[in-house]
Amino acid sequence: MLNVTLPDGTVKEVPVGTTPLDVARSIGEGLARQTVAAYFGDDLVDASRPIESDVHLRLVTLNTPEGLEIYRHSTAHLMAHAVKELFGREVQVTIGPAIESGFYYDFYSDTHTFSPEEFDKIEQKMAELAKENLPIERQVVKSAEAIKLFNEMGEDYKVELIEDLGEEEVSLYRQGTFVDLCRGPHIPSTGMLKAFKLTSVAGAYWRGDEKNAMLQRIYATAFTDKKELKQHLHRLEEAKKRDHRKLGRELDLFSFNDEAGAGLVIWHPKGALLRTIIEDFEKREHFKRGYDIVMGPQILRTELWKTSGHFDNYRENMYFTEVDEQSYGIKPMNCLAHMLIFKSKKRSYRDLPQRYFELGTVHRHEKSGVLHGLLRVRGFTQDDAHILCTPEQLDGEIKKVLGFVRDVMGIFGFEYELEISTRPEKAIGSDEDWERATHALKSALDDTGLPYEVNEGDGAFYGPKIDIKLKDALDRKWQCATIQCDFTLPERFDLSYIGSDGEKHRPVMVHRVILGAIERFIGVLIEHYAGNFPLWIAPVQVKVLNVTDSQAAYVEQVCEELRSEGVRVQADLRNEKLGFKIREAQMEKVPYMLVIGDQEVAAGTVTARHRSGENLEPMKPADFIRFIHEECKLYH
RNA sequence: GCUGGCGUAGCUCAAUAGGCAGAGCACCUCACUUGUAAUGAGGAUGUUGGGGGUUCGAUUCCUCUCGCCAGCUCCA
């Protein structure tokens, strides 16, 4: 008999060969139904793995994130199984992991191309195989034997995987006629798999390398019951309604135009206003924090891009133009002019830090396939700044920037993720420089008390960086703010300041953006608010609606009064029913509507309706203006 | 850039096994003077993304190109 210690400390005596599933069953049938795997100490194993010595046993159940991941991984196997049943040797299997909210499986075929029309067929086959409730069995074999097996089956990718693993033995998982190389663990049998749906098919390179073969990746989602699956699909539908590309058109904020070119935003009046409001906000915030606003030219001579290193390292992404036999590069970054400003006169340590801020419009030739609404464009404006300081000031400057990020994200109500990237293999600058800069970034991050990820070796070749990422409606992460140390540019431009010792010293440079690209930020912002902008940034804050023509003059008067106090207001004097005008204002997501009928004219008041449907008491226009100003102040 | 899908009116979408391209909303006109999410009637709306080809005839088939979508890769 063996002793099995459960998480609560109780010890069970069981015969050799008892499985975790048996243990679960002995506790309760319900628990057994939920058990998908188990921990023997720190080892994650199948629920059907026999217990052969005394162990600390922890069951992994479906209602845990870990359990769900195993469940999804098993669903991926079920899909591969179904595909092999349907297509046989025409399709080869590769790998298929669980991912956030589902899984995918990559297939190779040079004769068959998967299309969404086949999803039903594959799902049906999966359901059949699940219904058969095939046991999923683990088998450990010698690698040579496995290679022979997969060779016979014509599964070249599996053979390659085993060869690369270089292990003595590998584990295989079998369910019915289907065999897959897999570390596991898996659920006990296919009958547990109940709710799944194939969602899309797309290309993916074998092992993520664009030099390798293109595989066909089928994405799917899976949940432990049908209700949750339905809810998930519903959430996706809801997220689509927030898509900034859709809202951008509906709210008449911006557009793209084939003839103008891909990835080039055309801002319509309301979008341009929204952007202006955010830019004005940024200028105020930068002034408050001791930045100087600067402006550089849109094109600079190609020679200068050679000096900076952009010509060698970034040429493919740049646009060039030639006039009078003189070559110019259209700026993809704003740093050059900032370097020239610093260099324009002799600097003393007393002048540092210099903080140059520019709402700089840049153009980058991004690959066509990566363009995505406002979130990835070819022409965009960064809220860019370069801070030139002494090495001693670096730490403090970075902390200030992180504080700036925190303040701004707080105002917009964003949660964000932090990442730090450290020295890559190929890097310039002394160990000392890297050490100091990395330390400065880390200690500033630690100061925030927020969790952050460390991406070892993922920094730029010129310095370590902190990235701040926001999520879009579909949970895709987009880098917005970034704080980067740079050792190259001060050197390449031979920047210097005179220290207290009377000697020349090299300043340290921090490159940073807070919102990142205004375009991208607004894209994420639209989705974040689902188009319901808070009052202080809403391009139209108030719409004034008359009930009949007879109130037109009073409406004009009210608009005038509001406008003169800086309220962004629009009148709707069309000869339409009130309900119709309200509906339109509602769809435009205007925060406040002022309804003006004979009562309001007689009393000299306005009756405000919030887009939530709530009505305010009638009040004098002056009081409403105060009310609006108060609400705007709540945000910043 | 790569793989796959897609491109019809301002928007959302029909249609044609290759044979006069259609609906709703929006737009315009008229009537109605309206009190909290769509008043009614009438009217106009297209190089079917663009070029080339096959065909008596192409929105439909082929080809190139531009753009969009999903994903991969990339993202100083």
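The values are calculated or read from the model by the stated rules, or taken from the named source; none is laboratory data. These figures come from a predicted structure and were not determined experimentally. All Cβ positions, glycine included, derive from the backbone under ideal geometry; neighbour counts span all protein chains shown. Surface areas here come from the heavy atoms of the whole protein model, side chains and all, with no ligands, DNA or RNA. Shrake-Rupley method; radii C 1.70, N 1.55, O 1.52, S 1.80 Å.
Here segment A:343-382 is the region considered, the condition is being closer than 17 Å to A:Gln484 by Cβ and outside any strand (DSSP E or B), and the residue that is nearest to RNA strand B (Cβ to nearest atom) is A:Arg364. Given the condition open to solvent by 10 Å² or more (accessible area, probe 1.4 Å), aromatic (Phe, Trp, Tyr) and modelled with pLDDT of 90 or more, answer yes or no: does some residue in segment A:519-529 qualify? Yes: one or more hits. Looking only at residues of segment A:92-108 that are part of a loop (DSSP other than H, G, I, E, B) and touching a helix residue (DSSP H, G or I) at 6+ places or on another chain (Cβ under 6 Å), we find that the one that is surrounded by the fewest Cβ atoms within 10 Å (Cβ to Cβ) is A:Thr94. Per the listing A:Leu247, A:Leu264, A:Leu300, A:Leu215, the residue uniquely outside any loop (DSSP other than H, G, I, E, B) and away from RNA strand B (no atom under 12 Å from the Cβ) is A:Leu300.
Of the listed requirements (1) open to solvent by less than 50 Å² (accessible area, probe 1.4 Å); (2) of a type outside the set (D, E, K, R); (3) modelled with pLDDT of 95 or more; (4) more than 8 Å from RNA strand B (Cβ to nearest atom), A:Gln557 misses just one: (1).
When A:Gln586, A:Gln570 are checked against the criterion of being within 8 Å of RNA strand B (Cβ to nearest atom), under 40 Å from the mean Cα position of the chain (by Cα) and surrounded by 14 or more Cβ atoms within 10 Å (Cβ to Cβ), A:Gln586 stands alone in meeting it. Among what's in segment A:1-21 and is under 20 Å from A:Ser74 (Cβ atoms) and of a type outside the set (Val, Ile, Thr), pick the residue that is least open to solvent (accessible area, probe 1.4 Å). Once the filter is applied, the top-ranked residue is A:Pro20.
Taking segment A:186-219 as the range and being farther than 24 Å from A:Lys125 by Cβ and not polar (S, T, N, Q) as the test, the residues that pass are A:Tyr205, A:Trp206, A:Arg207, A:Gly208, A:Asp209, A:Glu210, A:Lys211, A:Ala213, A:Met214.
Being farther than 14 Å from A:Pro464 by Cβ and open to solvent by less than 10 Å² (accessible area, probe 1.4 Å) is the filter here; which residues of segment A:403-423 pass it? Result: A:Phe404, A:Val405, A:Val408, A:Met409, A:Phe412. Has segment A:389-408 got at least one residue that is part of a helix (DSSP H, G or I), more than 16 Å from RNA strand B (Cβ to nearest atom) and aromatic (Phe, Trp, Tyr)? Taking every residue of segment A:389-408 in turn, at least one turns out to be part of a helix (DSSP H, G or I), more than 16 Å from RNA strand B (Cβ to nearest atom) and aromatic (Phe, Trp, Tyr).
Just a yes or no: is a residue in segment A:175-189 at pLDDT 90 or above, surrounded by 13 or more Cβ atoms within 10 Å (Cβ to Cβ), touching a Ser or Thr at 6+ places or on another chain (Cβ under 7 Å) and assigned to a strand (DSSP E or B)? Checked segment A:175-189: at least one residue is at pLDDT 90 or above, surrounded by 13 or more Cβ atoms within 10 Å (Cβ to Cβ), touching a Ser or Thr at 6+ places or on another chain (Cβ under 7 Å) and assigned to a strand (DSSP E or B). Counting only strands (runs of 3 or more DSSP E) that sit completely within segment A:1-77, those holding 2 or more residues that are of a type in the set (Phe, Trp, Tyr) and under 37 Å from the mean Cα position of the chain (by Cα) correspond to A:35-40. Of the strands (runs of 3 or more DSSP E) lying entirely inside segment A:514-624, not one contains at least 3 residues that are among the small types (Gly, Ala, Ser).
Let me confirm something: among A:Leu594, A:Leu562, A:Leu616, A:Leu634, which residue is open to solvent by 70 Å² or more (accessible area, probe 1.4 Å) and under 40 Å from the mean Cα position of the chain (by Cα)? A:Leu634 is the lone residue from the list that is open to solvent by 70 Å² or more (accessible area, probe 1.4 Å) and under 40 Å from the mean Cα position of the chain (by Cα). Looking only at segment A:137-146, decide whether some residue is free of Cβ contacts under 8 Å to residues at least 12 places away in the same chain and away from RNA strand B (no atom under 16 Å from the Cβ). Yes, because at least one residue in segment A:137-146 is free of Cβ contacts under 8 Å to residues at least 12 places away in the same chain and away from RNA strand B (no atom under 16 Å from the Cβ).
If the condition is being within 16 Å of RNA strand B (Cβ to nearest atom) and part of a helix (DSSP H, G or I), then segment A:327-342 contributes A:Cys335, A:Leu336, A:Ala337, A:His338, A:Met339.
Taking (1) assigned to a loop (DSSP other than H, G, I, E, B); (2) farther than 19 Å from A:Gly208 by Cα; (3) away from RNA strand B (no atom under 11 Å from the Cβ) in turn, A:Leu86 satisfies each apart from (1). Of all residue pairs spaced 6 or more apart or on separate chains, those with beta-carbon atoms under 7 Å, a first member in segment A:581-595 that is at pLDDT 95 or above and a second member that is assigned to a helix (DSSP H, G or I) and near RNA strand B (Cβ under 8 Å from one of its atoms) are A:Met593/A:Ile582; A:Val595/A:Leu578. Of the residues making up segment A:231-243, those that are touching a residue at least 12 places away in the same chain (Cβ under 8 Å) and open to solvent by 30 Å² or more (accessible area, probe 1.4 Å) are A:Leu233, A:Leu236, A:Lys240, A:Lys241, A:Arg242.
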